[in-house]
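To keep things clear, I will list the structure first and then write my remarks on it.
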Amino acid sequence: MRAIRALIVDDEKPARDELRFLLESLGGIEVIGEAVNGDEALRLVAETRPDVVFLDVEMPGKNGLEVAAQLRRMPGAPRVVFATAYEEYAVRAFEVSAVDYLLKPFSRRRVADAVEKLGDSLDDEEEFEGKIDRLIREISRRFETTKIPAERNGSTILIDSSELMYAYSSGGKVVLKTFDREFVTRLTLAEVESRLGPRFLRVHRRFIVNLDKIGEVIPWFSGTYTVAVKD
């Protein structure tokens, strides 16, 4: 059986070097090129026709989602394995058998699992087509911002979820905390949680925290932890 031909796309050289080393150490896979951005990736895919593209999600210019969408329109589109630095809890839904989602820093075991899944998927085009579409839709949700209604001086304003440090309940009220202000919302904490999506985590029955705003997680008493946010 011929080696799987792979293209690595990442704007960070250490990440490309790490992934190339792990892939080449496994055997059965040949890294045929590297790209540092989406445009270069699309050009190299057209020139080299790889079996799989290991694709960073966040890059300058075209992000990985845009590149993947364009790859899907190419004849004989390659498989896509997304790579990201997001925490594992947020991407468990993307653990599918035909395409995969690797977390940085890469581990040899996870890269090996991804290569095994790729080998299985290359013979099942119809199944792959449906799964990559679903994967792109799911990841796209992570890049959508949500507006949360809040009250200010008798008026309703909309708070962008990307500005939230955390939300909490206190004294029968639900409070939205941005870097320097607090706003009260008429939503329950459960309703706020349902709107925020996977970048937010319910760390306590009264608190929902924006994972992008966490500065430290500090061991506390009796197996508990204190979360310190960046404000």
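The values are calculated or read from the model by the stated rules, or taken from the named source; none is laboratory data. In this text, all values refer to a predicted model and were calculated from it rather than measured experimentally. As a convention, Cβ positions derive from the backbone with ideal geometry for all residues, glycine included, and neighbour counts pool all protein chains shown.
Condition test on L189, is it in contact (Cβ under 8 Å) with a residue 60 or more places away in the chain and under 21 Å from A228 (Cβ atoms)? Write out each step before concluding.
Working: in contact (Cβ under 8 Å) with a residue 60 or more places away in the chain: no; under 21 Å from A228 (Cβ atoms): yes.
So L189 fails the test.
If only one of E116, E126, E66, E138 is at pLDDT below 60 and part of a helix (DSSP H, G or I), which one is it? Explain how you work it out, then say what you get.
Details: E116 fails: at pLDDT below 60; E66 fails: at pLDDT below 60; E138 fails: at pLDDT below 60.
Unique residue meeting the criteria: E126.
Checking the conditions here, which among L19, L55, L23 is out of contact with any His (no Cβ under 9 Å at 6 or more places or on another chain), under 17 Å from A114 (Cα atoms), in the same structural domain as V111 (by TED's automatic domain parsing) and in a strand (DSSP E or B)?
Working: L19 fails: in a strand (DSSP E or B); L23 fails: in a strand (DSSP E or B).
After ruling out the rest, the residue left standing is L55.
Which members of the range 41-62 meet the condition of being of a type in the set (D, E, K, R), surrounded by fewer than 20 Cβ atoms within 10 Å (Cβ to Cβ) and in contact with an Asp or Glu (Cβ under 9 Å, 6 or more places away or on another chain)? Even if it seems obvious, please write down each step before you answer.
Going through the range 41-62, the residues of a type in the set (D, E, K, R) turn out to be 43, 47, 49, 51, 56, 58, 62.
Still in the list and also surrounded by fewer than 20 Cβ atoms within 10 Å (Cβ to Cβ): 43, 47, 49, 58, 62.
Scanning the range 41-62 gives E58, K62.
Between a residue in the range 206-231 that is in contact (Cβ under 8 Å) with a residue 60 or more places away in the chain and farther than 20 Å from V192 by Cα and any residue that is surrounded by fewer than 16 Cβ atoms within 10 Å (Cβ to Cβ) and not hydrophobic (A, V, I, L, M, F, W, C), which pairs come within a Cβ distance under 6 Å, given they are 6 or more apart or on different chains?
K230/G215
Filter the range 99-112 for residues that are closer than 17 Å to I8 by Cβ and either surrounded by fewer than 12 Cβ atoms within 10 Å (Cβ to Cβ) or at pLDDT 85 or above (or both) and give the result. Show your work before the answer.
Applying the first criterion (closer than 17 Å to I8 by Cβ) to the range 99-112 yields 99-108, 110-112.
P105, F106, S107, R108, R110, V111, A112, listed by residue number.
If I filter the range 188-199 down to residues being crowded, with 17+ Cβ neighbours inside 10 Å and of a type in the set (A, V, I, L, M), which single residue comes out as farthest from the chain's Cα centre (by Cα)?
L189
From the residues in the range 21-31 that are surrounded by fewer than 16 Cβ atoms within 10 Å (Cβ to Cβ) and without any contact (Cβ under 8 Å) to a residue 60 or more places away in the chain, which one is nearest to E58 (Cα to Cα)? I'd like the intermediate steps shown before the answer.
Filtering the range 21-31 down to residues surrounded by fewer than 16 Cβ atoms within 10 Å (Cβ to Cβ) leaves 21, 24-28, 30.
Subset that is without any contact (Cβ under 8 Å) to a residue 60 or more places away in the chain: 21, 24, 27, 30.
Details: F21: 21, E24: 24, G27: 28, E30: 24 Å.
Among them, the one singled out is F21.
Can you tell me which residues in the range 182-206 are among the small types (G, A, S) and in contact with a helix residue (DSSP H, G or I) (Cβ under 7 Å, 6 or more places away or on another chain)? Walk me through it before giving the result.
Taking the range 182-206 as the starting set, the residues that turn out to be among the small types (G, A, S) are 190, 194, 197.
Hit for the range 182-206 is G197, nothing else.
Filtering the range 20-59 down to residues that are among the aliphatic types (A, V, I, L, M) and out of contact with any Lys or Arg (no Cβ under 9 Å at 6 or more places or on another chain), which residue is modelled with the lowest pLDDT?
Residues of the range 20-59 among the aliphatic types (A, V, I, L, M): 22-23, 26, 29, 31-32, 35-36, 41-42, 44-46, 52-53, 55, 57, 59.
Checking the rest, the ones that are also out of contact with any Lys or Arg (no Cβ under 9 Å at 6 or more places or on another chain) come to 23, 44-46, 55, 59.
Numbers: L23: 94, L44: 96, V45: 95, A46: 94, L55: 90, M59: 84.
Looking at residues that are among the aliphatic types (A, V, I, L, M) and out of contact with any Lys or Arg (no Cβ under 9 Å at 6 or more places or on another chain), I get M59.
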